[in-house]
Amino acid sequence: MMNVPAACHPAGATEASRRGTRDSDEFQLPLPGLYADLELGASSLRVPKECLDAPSLVQLQVLAGWQRDLDCWRDAALQRLACEMTQDSDAASRVERIAMLRRTCAALHIEVPDDFGSRTAGPP
C-alpha cells in the first residue's frame, strides 16, 4: 500500500465512503446482482425484478441516488489516484497532477469528468 500525503486526501472521501442516506428510517435493499472483482477491477450489476417492476419514476429516483453516490466515490478515487501517481514529486502542481491523471485514465479507458479539476476540493 502506498503512503499518500495527507494533503492529497479529498475532503469528500469520508462522505463518499458512507453507506446509505442519513434517513434513520431508510430501508437497505440487499442487492444480490451486484458483482465486483477487486483483483481485476471489473464489475457488473443485475437489477432484481422487483426494481424493474417498480414505477418508472421510482426507478429514476433510485438510479439518481446510486449515480450521485457513485460519482462521489469515483471523484474520491480519482483524487487519490492523482496523488498516488505524483507522490514522489512534491513539486507537481494541481494542473500537472490533473493532466497526468487524464492521460493515465484515457489510456485505461476510465472516464474523468470534464469539470473534475474545477469541482474537487483540495489538491489532487
Notebook entry, point to check: Over the stretch 33-119, how many percent of alpha carbon pairs lie in each 10 Å bin up to the one with the longest distance?
Noted result: 14, 37, 28, 16, 5, 1
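Working out 0.36 nm times the residue gap between L52 and S89, then minus their Cα-Cα distance, what length gain in nm do you get to one decimal? Don't jump to the answer; show the numbers that get you there.
Values: separation 37, 0.36 × 37 = 13.32 nm, distance 4.85 nm.
Extending this stretch completely gives an extra 8.5 nm.
Since every read-out is calculated from the coordinates, none of them should be taken as a lab result. A quick note: this is a predicted structure, and the numbers were derived from the prediction, not measured.
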